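Peer 1: Following this message is one structure expressed as structure tokens.
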Amino acid sequence: MHRITMGIGALLAMLTLAGCQTTQGLGQDISTAGEVIQQEGAEAM
């Protein structure tokens, strides 16, 4: 579980540091992060 949390934290940090120039880009980044979190959750079960 700790490994998943670290992976999610790293992903969110990368997205934050990369920054987005538009609201649409931010929405796409958040969507991508959500998909990764869902995949990690499904793999953990």
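What follows draws every value from the coordinates through simple rules; no lab data is involved. If you're wondering where the values come from, they're calculated on a predicted model, not measured in any experiment. Glycine gets a Cβ as well: all are built from the backbone with ideal geometry, and neighbour counts include every protein chain shown.
Peer 1: Net charge near L11: determine it from the other residues with C-beta under 11 Å of the C-beta of L11, scoring Lys and Arg +1 and Asp and Glu -1.
Peer 2: -3
Peer 1: Just to confirm a number: summing +1 for Lys and Arg and -1 for Asp and Glu over residues other than E35 whose beta-carbon lies under 13 angstrom from that of E35, what do you get?
Peer 2: After counting each charged neighbour, the total is -3.
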